[in-house]
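Working notes, structure below.
The values are calculated or read from the model by the stated rules, or taken from the named source; none is laboratory data. Computed from a predicted structure; not experimentally measured. Cβ atoms come from the backbone with ideal geometry, glycine included; neighbour counts cover every protein chain shown. Ligands, DNA and RNA are excluded from the accessible area calculation, which covers all protein heavy atoms including side chains. Shrake-Rupley method; radii C 1.70, N 1.55, O 1.52, S 1.80 Å.
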Protein chains: 2
Amino acid sequence: MLNYKVIFKIIGFLLILDGLFMFAGIPFSLYYNDNDVFTLLACGAGTSLIGLVTFYLTRNTDKEIRKREGYIVVSLGWVAMSIFGALPFVIHGSIPNYTDAFFETMSGFTTTGASILNDIESLPHGLLLWRSLTQWIGGMGIIVLSLAILPILGIGGMQMFAAEVPGPTKDKIHPRVRETAKRLWGIYLLFTLLEVFLLMLGGMNFFDSINHSFTTMATGGFSTKQASIAHYQSPYIHYIIIIFMFIAGTNFTLHYHILHGKISVLSKNAEFKFYLKIVIVAALAVSTALIVMNIYGVEKSFRDSLFQVVSIITTTGFITADYEIWGSFFQVFFFLLLFVGGCAGSTGGGIKVVRHYLLVKNGFSELRRLIHPRAVIPVRYNNQSVPNEIISNVMAFFLFYIFIFVIGTMVMSLVGLDFLSAMGSVATSIGNVGPAIGSVGPSFNFSHIPDFGKWFLSFLMLMGRLELFTVLLIFSPAFWKS
Amino acid sequence: MLNYKVIFKIIGFLLILDGLFMFAGIPFSLYYNDNDVFTLLACGAGTSLIGLVTFYLTRNTDKEIRKREGYIVVSLGWVAMSIFGALPFVIHGSIPNYTDAFFETMSGFTTTGASILNDIESLPHGLLLWRSLTQWIGGMGIIVLSLAILPILGIGGMQMFAAEVPGPTKDKIHPRVRETAKRLWGIYLLFTLLEVFLLMLGGMNFFDSINHSFTTMATGGFSTKQASIAHYQSPYIHYIIIIFMFIAGTNFTLHYHILHGKISVLSKNAEFKFYLKIVIVAALAVSTALIVMNIYGVEKSFRDSLFQVVSIITTTGFITADYEIWGSFFQVFFFLLLFVGGCAGSTGGGIKVVRHYLLVKNGFSELRRLIHPRAVIPVRYNNQSVPNEIISNVMAFFLFYIFIFVIGTMVMSLVGLDFLSAMGSVATSIGNVGPAIGSVGPSFNFSHIPDFGKWFLSFLMLMGRLELFTVLLIFSPAFWKS
């Protein structure tokens, strides 16, 4: 029997936080004299109150939760926060359609960054901050989820990479989550503040610096400007954001070790080295092509290439140039980058670098196994043999990812999107990236997609963010048996 | 050390056959008074002679070959036959460019069916028959390859399905190949003759019936008409070809058992049942959509749906209607069907139904493993547990397939194709189908593709036909180390 009480208790707790965070934008709205103060106050208070009542009604329950309740809490938590998080946009009227508001909020909490807004600058500051904050909260959630909760739930073959997380390794979720959360959130906060400071040094105002820092560190990609980072001309700002996107796409346990003086972890970590290689090779390929095509100068070619490559690989989704107008090859190339994803234990989404690494290594092993059928040829990661079950799980993850991408593309083509836009919208949603190709490319947004499509893409964002299996399990009959 | 002599000896033998088969079209050319008699005589004699000399020079060698030589013979055999098979087209002048002729011939021998011809009816009958015959020979080759040779070479996780092939199971390739070949080629010939007879009953002339029967049974799809099967108005002809495409896409060992009275094998074979289900579900989906759209009448909607679905799934590639003009959803849907493929042990290409079956079953098992981490949950096929190594191999095959598809799409976009056409040309080449989407859709052909692209696609056809690993192995460094 599932312990529904503990599920509701945690959801209640999350809603209390959800509501409290809505207040965060109020000082800005007061300062800029915006008209959304009452909306934020009312929605924040209402959401917190509902959370408080839920929490109170379910207070008499054991605080330990088991795996099956864990899956449900994790999935429902994101949904509940988005359901309530969408309210300020609707009640204020800046996003009158609830479907649009839910899409935008789910896109926020999942750190996707796909938007339906056609005039971002017209929103009041409080709502803009709330929008950016959904991503920052989502990023916090994902760090704890990927480094503390999912490994315990056995999701996504990440068990062995989670072993590197500092903190006690117990079977019970509660103490471990708290311990890990405290250490990693400190790092998250530190980088966010550092980015705010550096962006302000480059001439970005305080409000925009905070917003962009929130959405950079979350690899979210919401901007306070309709033109995204292309709004800013300063190469300095572009480079700062490139650096922080790259940091946000790195495993936070590496940051933890580096900040404790163990810089050698970088050169020992196979995933990080592969991540660095992918970024360098992709950026060099794109910038070489751009320089040869001679559209921009050398520096701008390099910067635009690096920015777009890092932005898409880390699944941030900021934009300084539209790769679609560069030609067919770039369209294919950036579409493929939608599938890379950040490192495990980062705020990035997508398939994740470590999975690609293991798949490539296993591919070579498979060829060697054909030549030497009797030899035992394990896949090695960080000088350790990777157990077969993990390789199987990683391959199954990849196949599910492709499967959902394929089904999703069919659904979006039925909704009325052309082939490329259907593929792009699905790949960017499940990968939690933001921009894609076709009618959802960097120069466009998601406002033109029919309502059903928006709900469907929101669901894909959730699936992608929760490493597929969390959501897939809940929909599998085996989960509900006994 | 590789025994190069035995490799050349077998290639020599294949070239003798290659040359002799070229003579087959001569009676037709004489009858129709065509101008290609001398070309066919000269090319046939020349090719046979070169084969004979090669065979003679390498006669003093052991006739047993080992695995590593097997991989090379299989790959080089297809290449050598295409290199010489292309000559009649060039020497006669109907395909003046050798790249085009090689593409057409490789497309023949790999039973792909992609064509560069813009006016098929202008070719003399002898060359047309040779063109169809390349597919029929390729089909013969593939039956033996997939049911007798590849299982011994350990390619593609097909070992356990090969166990059902009648005949002695020895480690030495030679006797087994001969035994299996004799039994299965009899069935192949029988079905071909039956189709010729039934097509002639429907009013198709003898020449066209032979050609279309050759290319149906090979799941090749070359037609003697520029408009493919759409040239024929007769629903009877359409239905006959649907039936024989379906037969050609079925495992030939099943046909062997059925012809020996064991009809029950059909209901016991999980792959066949899955194949049937995929065809039925896909055809119903497409025809329902077409009937709702009310473009054609009910019968024509059903027939066109069934024809195109069976043609693409079996990787034949005959066409009676252009699914691209039906809309975006159909474009996506038929593109996905390019990845299905026929049954193992059929003449069909692609990923193959049994692999999809195992992947789906393993997906469910993986979810159950997450819920019950300590339970052993094997994947079952035909009431047997499938060993883990086979599941791994099938997953690796699928991932290599996707990987090559992705790299191929990048290459073709660099060659200058738009995104959809790049994807389509690669998927249809590696899947050995024929038509695809975009500028290589059913209403177009491959003549507009730059030369480099044609060579590249020819290579993909070969890779796909040889179940990837055969060719991949030869390009892996581990293969050449002792």
Q: Taking the residues in segment A:3-60 that are aromatic (Phe, Trp, Tyr) and under 27 Å from the mean Cα position of the chain (by Cα) as candidates, determine which candidate is farthest from residue A:131 (Cα to Cα).
A: A:8
Q. Given the structure, is residue A:368 closer than 29 Å to residue B:340 by Cα and open to solvent by 40 Å² or more (accessible area, probe 1.4 Å)?
A. yes
Q. Does residue B:422 satisfy the condition of being aliphatic (A, V, I, L, M) and under 30 Å from residue B:324 (Cα atoms)?
A. yes
Q | Options B:273, B:277, B:262; residue that is open to solvent by 10 Å² or more (accessible area, probe 1.4 Å) and outside any helix (DSSP H, G or I) | A | B:262
**Q.** Selection from segment B:452-474 of residues that are open to solvent by 30 Å² or more (accessible area, probe 1.4 Å) and within 13 Å of the chain's Cα centre (by Cα)
**A.** none
Q: Out of A:430, A:449, A:437, report the one residue that is more than 16 Å from residue A:116 (Cβ to Cβ) and over 18 Å from the mean Cα position of the chain (by Cα).
A: A:437
Q: Could you list, in sequence order, all residues of segment A:318-329 that are within 22 Å of residue A:109 (Cβ to Cβ) and open to solvent by less than 10 Å² (accessible area, probe 1.4 Å)?
A: A:318
Q. Does segment B:393-409 hold any residues that are facing chain A (nearest Cβ under 8 Å) and either touching a Phe, Trp or Tyr at 6+ places or on another chain (Cβ under 7 Å) or open to solvent by 50 Å² or more (accessible area, probe 1.4 Å) (or both), and which are they?
A. B:399, B:403
Q) Can you find even one residue in segment A:457-470 that is without any contact (Cβ under 8 Å) to a residue 40 or more places away in the chain and either part of a loop (DSSP other than H, G, I, E, B) or more than 9 Å from chain B (Cβ to nearest Cβ) (or both)? A) yes
Q: Please work out if residue B:83 is closer than 30 Å to residue A:371 by Cα and either at pLDDT 95 or above or part of a helix (DSSP H, G or I) (or both).
A: yes
Q) Quick check: is even one residue across segment B:356-374 among the charged types (D, E, K, R) and part of a loop (DSSP other than H, G, I, E, B)? A) yes
Q | Condition met for residue B:219 (part of a helix (DSSP H, G or I) and either touching an Asp or Glu at 6+ places or on another chain (Cβ under 7 Å) or open to solvent by less than 20 Å² (accessible area, probe 1.4 Å) (or both)) | A | no
Q: Within segment A:202-216, track down each residue that is among the hydrophobic types (A, V, I, L, M, F, W, C) and either assigned to a loop (DSSP other than H, G, I, E, B) or free of Cβ contacts under 8 Å to residues at least 24 places away in the same chain (or both).
A: A:204, A:206
Q) What pairs can you find where one residue is in segment B:430-448 and assigned to a loop (DSSP other than H, G, I, E, B), the other is open to solvent by 10 Å² or more (accessible area, probe 1.4 Å) and of a type in the set (S, T, N, Q), and their Cβ atoms are less than 7 Å apart, with a gap of 6+ or different chains? A) B:437/B:331; B:445/B:115; B:445/B:118; B:446/B:115; B:447/B:118; B:448/B:439
Q: Could you please let me know if residue B:417 is facing chain A (nearest Cβ under 8 Å) and surrounded by fewer than 23 Cβ atoms within 10 Å (Cβ to Cβ)?
A: no
Q. Can you tell me how many residues in segment B:359-384 are closer than 19 Å to residue B:278 by Cβ and touching a residue at least 40 places away in the same chain (Cβ under 8 Å)?
A. 2
Q | Members of segment A:427-438 that are in contact with a Leu (Cβ under 6 Å, 6 or more places away or on another chain), aliphatic (A, V, I, L, M) and more than 9 Å from every other protein chain (Cβ to nearest Cβ) | A | A:427, A:430, A:433
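The rows are residues; the columns are (1) surrounded by 24 or more Cβ atoms within 10 Å (Cβ to Cβ); (2) more than 10 Å from chain A (Cβ to nearest Cβ); (3) modelled with pLDDT of 95 or more.
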{"site": "B:309", "(1), (2), (3)": "yes, yes, yes"}
{"site": "B:375", "(1), (2), (3)": "no, yes, no"}
{"site": "B:378", "(1), (2), (3)": "no, yes, no"}
{"site": "B:391", "(1), (2), (3)": "no, no, no"}
{"site": "B:411", "(1), (2), (3)": "no, no, yes"}
**Q.** Verdict on residue A:438 being closer than 20 Å to residue B:331 by Cβ and surrounded by fewer than 24 Cβ atoms within 10 Å (Cβ to Cβ)
**A.** yes
Q. Within segment A:339-346, can one find any residue that is more than 23 Å from the chain's Cα centre (by Cα) and either away from chain B (no Cβ under 12 Å) or within 30 Å of residue A:242 (Cα to Cα) (or both)?
A. no
Q. Considering segment A:1-36 alone, what residues qualify as being among the hydroxyl-bearing types (Ser, Thr, Tyr), assigned to a helix (DSSP H, G or I) and either open to solvent by 10 Å² or more (accessible area, probe 1.4 Å) or touching a Ser or Thr at 6+ places or on another chain (Cβ under 8 Å) (or both)?
A. A:4, A:31
Q. Residues of segment B:239-259 being in a helix (DSSP H, G or I) and of a type outside the set (Val, Ile, Thr), which ones?
A. B:239, B:244, B:245, B:246, B:248, B:252, B:254, B:255, B:256, B:257, B:259
Q) Among the listed residues B:39, B:99, B:105, B:47, which satisfies the condition of being in contact with a Lys or Arg (Cβ under 7 Å, 6 or more places away or on another chain), at pLDDT 95 or above and crowded, with 16+ Cβ neighbours inside 10 Å? A) B:99
Q. Just checking, how many residues over segment B:71-103 are over 20 Å from the mean Cα position of the chain (by Cα) and not β-branched (Val, Ile, Thr)?
A. 9
